[in-house]
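Enquirer: Okay, handing you the structure first.
Nothing in this text is a laboratory measurement; each read-out follows from the coordinates by a stated rule. What you see is a predicted model; the values in this text were computed from it and never measured. Neighbour counts run over all protein chains shown; Cβ positions are idealised from the backbone, glycine included.
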Number of protein chains: 2
Amino acid sequence: MTRTSLSDVACSVARATDLFGDAWTALIMRDVLVGISRFDDIAHDLGISRKVLAARLARLVEEGVLVRERYQDQPPREDYHATEKGKELYPVLLALMSWGDKWYAGPAGPPLRVHHDTCGRTTTPVMTCEHCGEPVTIDNTSPRPGPGGAVGPGTMVIGQLVPTHSE
Amino acid sequence: MTRTSLSDVACSVARATDLFGDAWTALIMRDVLVGISRFDDIAHDLGISRKVLAARLARLVEEGVLVRERYQDQPPREDYHATEKGKELYPVLLALMSWGDKWYAGPAGPPLRVHHDTCGRTTTPVMTCEHCGEPVTIDNTSPRPGPGGAVGPGTMVIGQLVPTHSE
DNA sequence: CCCCTAGGTTCCCTCAGGGAACTTAGCAGG
DNA sequence: CCTGCTAAGTTCCCTGAGGGAACCTAGGGG
């Protein structure tokens, strides 16, 4: 398939998707971030093929999202931990989880809750503006061309939309 | 491949990933949300195989994320628009974009900026707690079992982690 | 001596994705 | 009238990625 590599496209969604837009990668990151760090544990937890898991982990290490660390010497054993870059994928997982909770939770409610240690409450995370703190939605934002080029899939349209009408 | 359907797993990340954890789906949603609504336009914009695009659109309509609407009668032509459920995927895209901007933007900066109409500024969206408004990160949160069952991949670990030590 | 554990690698098979040609249906031009 | 264009798919064949299970390697332990 060669999966049409998207990393060269001038769109950060495409770049992120090139790595993260894989059924397993998100779940592997969830596991690692939640504390499941060993190969066999992840494999068993997800029911993923060991071959695919090895490939995904190698890719994630290569991308600097995970690090492979030796946790004992005799015999040598390695496990995986999130780097800063990896930890910052947490909001993506939260966004996915919130959406899944809202639209797919059964009558019993969501299978998992997130406790916000800072304020001591169960939280539903919200995407807000760093400046005003108000929620950011599709309806109260508009795309603008950025400095990093405005060509390629998707971005091309922004150049057409914005100058004419700010919709 | 049958891709090991994850929708039956008691984890909202897995459920969302089952739909969204696909290289193309995120990009299709980005296009539709940004105003690219016609089949040929999306196909051309993304460079996606028409066969796969038809399949993804059908799936998204089936899931209630998009609606197929007739925009002219003679000849009959249909395009695609996001439902409320679809629009709420926007935070997921924003999270992906923010992450991609931070870690993959070239020296020129991000290819696209988001203008927050509410406050009139270019925004970097942040995941915050709905209660206290403070940022939500992996380090200041802890997972708790929810009402919707605590079995299945990933969730099983929460039950082991939380009662013993809140790490 | 054999087996166990942990972290992979190798094998074969199937099926999803890529790419391009074909289909359908109305309208437009010569 | 015949040809061509547009938009939205559908069909075809081919490749290669994912699933599943067996195998490999290296250090302990009984």
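Enquirer: Given the C-alpha atoms of region B:71-126, compute the convex hull and give its volume per residue in Å³.
Expert: 153 Å³
Enquirer: Across region B:84-92, in residue order, what do the Karplus-derived ³J(HN,Hα) couplings come to in whole Hz, using 6.51 cos²θ - 1.76 cosθ + 1.60 with θ = phi - 60° and x for Gly and Pro?
Expert: Here the 3J(HN,Hα) series is 4, 4, x, 4, 6, 7, 4, x, 5 Hz.
Enquirer: Can you bin region B:1-148 into rounded, prolate or oblate? Criterion: square roots of the alpha carbon gyration tensor eigenvalues sorted a ≥ b ≥ c, rounded for a/c under 1.5, prolate for a/b above b/c, oblate for the rest.
Expert: Here region B:1-148 falls in the oblate category.
Enquirer: Averaged over A:77-88, how many beta carbons belonging to a partner chain fall within 10 Å of each residue's beta carbon?
Expert: Mean shielding count: 1.
Enquirer: Something else about it: Would you work out if region B:36-84 is rounded, prolate or oblate? Take a ≥ b ≥ c from the square roots of the eigenvalues of the alpha-carbon gyration tensor; rounded if a/c is under 1.5, else prolate when a/b is larger than b/c, oblate otherwise.
Expert: Oblate is the answer for region B:36-84, as a/c is 1.5 or above yet b/c matches or exceeds a/b.
Enquirer: If the limit is 30 Å between Cα atoms, which of B:LYS51/B:LYS102; B:LYS51/B:LYS87; A:LYS85/B:LYS87; A:LYS51/B:LYS85; A:LYS87/B:LYS51; A:LYS51/A:LYS102 go over it?
Expert: Table pairs above 30 Å Cα-Cα are B:LYS51/B:LYS102; A:LYS51/B:LYS85; A:LYS87/B:LYS51; A:LYS51/A:LYS102.
Enquirer: Okay, moving on. Mind putting together the pair-distance distribution for region A:2-87? All Cα pairs, 10 Å bins, whole percent per bin, short to long.
Expert: That works out to 17, 49, 27, 7, 1, in percent per bin.
Enquirer: Turning to a different aspect of this structure: Each residue of region A:26-31 in turn: what ³J(HN,Hα) in whole Hz from Karplus with 6.51, -1.76, 1.60 and θ = phi - 60°, glycine and Pro shown as x?
Expert: So the Karplus estimates, Gly and Pro as x, are 4, 6, 5, 5, 4, 4 Hz.
Enquirer: Set the Förster radius R0 to 25 Å, insert the Cβ-Cβ distance between B:THR122 and A:LYS102 as r into 1/(1 + (r/R0)^6), and round the FRET efficiency to 0.05.
Expert: 0.35
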